1. Just one of (1) modelled with pLDDT of 95 or more; (2) of a type in the set (S, T, N, Q); (3) under 23 Å from the mean Cα position of the chain (by Cα); (4) closer than 25 Å to Asn101 by Cα trips up Ser145, so point out which.
2. Based on this model, can you work out whether Lys350 counts as open to solvent by 10 Å² or more (accessible area, probe 1.4 Å), within 16 Å of the ligand (Cβ to nearest atom) and assigned by TED's automatic domain parsing to the domain that holds Glu254?
3. Of the residues Asn364, Asn396, which single one is at pLDDT 95 or above, within 11 Å of the ligand (Cβ to nearest atom) and open to solvent by less than 20 Å² (accessible area, probe 1.4 Å)?
4. Does Ala200 fit the bill of being under 30 Å from Lys170 (Cα atoms), surrounded by 19 or more Cβ atoms within 10 Å (Cβ to Cβ) and in contact with a strand residue (DSSP E or B) (Cβ under 7 Å, 6 or more places away or on another chain)?
5. Would you mention how many residues in the stretch 1-42 are among the hydrophobic types (A, V, I, L, M, F, W, C) and either closer than 20 Å to Thr342 by Cβ or out of contact with any helix residue (DSSP H, G or I) (no Cβ under 8 Å at 6 or more places or on another chain) (or both)?
6. Lys440 is checked against (1) in a helix (DSSP H, G or I); (2) assigned by TED's automatic domain parsing to the domain that holds Glu511; (3) of a type in the set (Lys, Arg) and fails just one. What number does that condition carry?
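The values are calculated or read from the model by the stated rules, or taken from the named source; none is laboratory data. Given the structure is predicted, the values throughout are model-derived calculations rather than measurements. Cβ: placed from backbone, ideal geometry, glycine included. Neighbour counts: every protein chain shown. Side chains included, ligands, DNA and RNA excluded: accessible areas come from the protein's heavy atoms. Shrake-Rupley method; radii C 1.70, N 1.55, O 1.52, S 1.80 Å.
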Amino acid sequence: MCGIVGQISNEKFVITDTVNALKRLEYRGYDSVGVATMEGDIYKDIGHISPFMAMLPLVATNAAICHTRWATHGKVTKENAHPHASFDGSIFLVHNGIIENHKELKKKLSISGIEFVSKTDTEVIAHYIAYEIQSGLSIVDAIRSFMGVAQGTFAVLLLHKEEQRIYAFKRDSPLVLGILDDGFIVASDIYAFSDKSPKAVFFDDDEYAIISPDSYEFFSAKGPIQKQVTEVTWTGTVEKDASFEHYMIKEIHEQPAAARRLLASLEGEQSKNMNELATIARSIDRILFVAAGTSYHASLIGVYILNSIGVEAHTLIASEFHNYMLADEHALVIAISQSGETMDVVKAVKHARSKGAKVASIVNVPHSTIQRLSDFSIEILAGQEICVASTKTYTNQVIALLRLAQLMGFETDLSTIPDDISKVIESSEAYVMELARTMKDTHDIYIIGRGISYPVSREVALKLKEISYIHAEGMMGGELKHGTIALIEEGVIVFAFIQGPDYDMLSNIEEVEVRGANVIMIADNPNFSPDFLLSLGTMSAFPIAATIIGQLFSYYIAKEKGLPIDKPRNLAKSVTVK
Ligand code: M6R
C-alpha cells in the first residue's frame, strides 16, 4: 500500500506530470498525497489526488518524488503525509512499507537532539540519513548504513537537495524503474509509466540505485550490478468508459471479454506453461494454495474441484500460512494474487521456498514480485483492475483453476463460460437494481452456501462489506445452526447460493425462514424456484455467475447509499504491509 513515484529528466517538467503518474497508482492508497522537488519545495495535503492537483502551483523541476498514502503509523494528517524532510532540510523522501524498529531508531536520534514533526515511522529514515551525512558519510554510505540497521519493509525514493539525482532503495516492498525517451520514472509498480514506456528494470531486495537524467546504476551490498531490462506487454485498457459511472461496474461488465481472452490464451500461448504446471501438480503429494481476500475465495474453489477428482489440495489465508500449513519438498505451493504484490502472500511464498516447496503463481500483474518469485506463473489477463474491489480478476482466477483441474482430469467444458456470464449480467442486473433500492438501510446480511457455493458466500460477503459497508457473513449452510442462527430475526436478509439439487440447503433456508428471515435464493435448479435462476451451459460457470449476482448487489446497494465505490474507506488495492 502507498504508491510512490519519482521522475527525473534533463528537460524541466511541471510537478503535475509526476503527480499524474502517481494518480495511476492511487488504488494503492488515498489517505493523503504529497510531492517534493530537488529544489526542496514540498506540497502535501490529506485526501485524494485530484483535488490536490487542482491546487498545485505549476512548479517546474528536473527531479521530483511523490507519494499517495495508506496510513499505517500516524493518523491521516498533513504532518504525517509524505514527503518527509530531514531535520536540516537536506533530504526529502517518500516511503512505502513499515520500518519496524522505528521507535528504537527514533530514540537514538532524539538523544542527539533531533526533533520529529510527524508520528510516522518514515520520518526516521530522513533524519537517520541526514545525521549520518553530517557525521561524515557520503550519501550512498548513509543509505547503506540505514539499510544495515533498518528492520521491516521499505521502498524509498530520496532527493538530496539541489542534486539532480534520485536515490532509490528497497526491501520487500516493490519498486521498478521505467526507462523513458527523456529520463526515468521510478515507482511502486509498472502502471505508473505504462502509458509512456514498456521498458522496465525491477529492483530486487536490498538493492539500491542512483538515477540521473541520462543514466542509472544499480548496486547490491557487494557492489555494482547489471540489471536486465524487461519489455512489458499490457493487457486490456483502463480508460474510463463514459457509459459506466464507476470502474467497478465497468469491470463487472468486462468479465465476458476478460474470460474469453484468458481461455484463448490458456489454449494458446500459455498452454505450454499450463501443461507443465499440471505435470508438476500430478507429480507431487499435495497442492497448497496461498492467497488473501478475494484470491483466497478463488483458491477455495480450486480446492473443491481438485479434491473432487482425488487430488489432495488445501488452502490457507496467507498471513497464517507459515503457522498452519506444512510446506516442504513434497508440496506444490500455488500463490494466487491479483496484484502479485500482497505482502502476506510474498512472505508465505518466501517461507515455502525456504522449506523446499516448488512455487507456482496465478497473477494478474505481469512481472510482479510473486510472479518473479515463482518457478511457474500463469497470467490471468484480466487487464488492469482499477476498482479496489476485485471482480473480473476473481472470475479469471477461477477460470485458470478450472483449466488446471481440467488438465488433471476434471471433466468440463469451459468454452461456454463467457456467454454464461453475459447472460447472467443481462438477465439479472435490472432486478438486482430494484432489490438493492430496498436494501440501502440494511445493517446485516447473512450468506450461505454449501460445496462449491461456500466460497461464493464468502466472496459475496466480502464485496458487501468493502463496497456497501454492510456487515455481512458468508458461511457454510451447515454451520449456521451452530451459533449464528441466534442472530436471525424478523426481516433479516439471507442470501442462499445453491448449486444443483442440494436439498440440505433447502432445509437451511426453511430454518431461517421460520425465524423471520427474508431469503433471496440464487440457484441453477429451476425446481427450487429461485429468485435468480442461473441457466448455465456448464456447472463450472456456477461459482462465477453466482458471484457476479453478489458483485451487482454490492455495487447497486453502495450506489443507493452514495458511497465511494471505487475507493472505499480504509482500503487499498495492493496490500503491501503485513
Ligand atoms: O492482489 P491480491 O489478489 O493478492 O489481493 C488480495 C486481497 O487484498 C484482495 O483480494 C482484497 O480482498 C480485495 N479488496 C477484494 O475485493
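1. (3)
2. On the way: open to solvent by 10 Å² or more (accessible area, probe 1.4 Å): yes; within 16 Å of the ligand (Cβ to nearest atom): yes; assigned by TED's automatic domain parsing to the domain that holds Glu254: yes.
Yes; evaluated as a whole, the condition is true for this residue.
3. Numbers: Asn396 fails: within 11 Å of the ligand (Cβ to nearest atom).
After ruling out the rest, the residue left standing is Asn364.
4. Numbers: under 30 Å from Lys170 (Cα atoms): yes; surrounded by 19 or more Cβ atoms within 10 Å (Cβ to Cβ): yes; in contact with a strand residue (DSSP E or B) (Cβ under 7 Å, 6 or more places away or on another chain): yes.
Against the criterion (under 30 Å from Lys170 (Cα atoms), surrounded by 19 or more Cβ atoms within 10 Å (Cβ to Cβ) and in contact with a strand residue (DSSP E or B) (Cβ under 7 Å, 6 or more places away or on another chain)), Ala200 qualifies.
5. Applying the first criterion (among the hydrophobic types (A, V, I, L, M, F, W, C)) to the stretch 1-42 yields 1-2, 4-5, 8, 13-15, 19, 21-22, 25, 33, 35-36, 38, 42.
Now narrow it down to the ones that are either closer than 20 Å to Thr342 by Cβ or out of contact with any helix residue (DSSP H, G or I) (no Cβ under 8 Å at 6 or more places or on another chain) (or both): 1-2, 4, 8, 13-15, 25, 36, 38, 42.
Adding up the residues that qualify gives 11.
6. Failing condition for Lys440: (1).
Table: residues versus (1) open to solvent by 10 Å² or more (accessible area, probe 1.4 Å); (2) touching a residue at least 40 places away in the same chain (Cβ under 8 Å); (3) among the small types (Gly, Ala, Ser); (4) touching a helix residue (DSSP H, G or I) at 6+ places or on another chain (Cβ under 7 Å).
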position	(1), (2), (3), (4)
Ala259	no, yes, yes, yes
Ala264	yes, no, yes, no
Lys272	yes, no, no, no
Asn275	yes, yes, no, yes
Leu300	yes, yes, no, yes
Ile317	yes, no, no, yes
Glu320	yes, no, no, no
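Conditions tested, residue by residue: (1) open to solvent by 10 Å² or more (accessible area, probe 1.4 Å); (2) in contact with a strand residue (DSSP E or B) (Cβ under 6 Å, 6 or more places away or on another chain); (3) under 30 Å from Ile4 (Cβ atoms); (4) in the same structural domain as Thr153 (by TED's automatic domain parsing).
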residue	(1), (2), (3), (4)
Ala496	no, yes, no, no
Glu511	yes, no, no, no
Ile520	yes, yes, no, no
Asn527	yes, no, no, no
Leu534	no, no, no, no
Gly537	yes, no, no, no
Ala541	no, no, no, no
Ile557	no, no, no, no
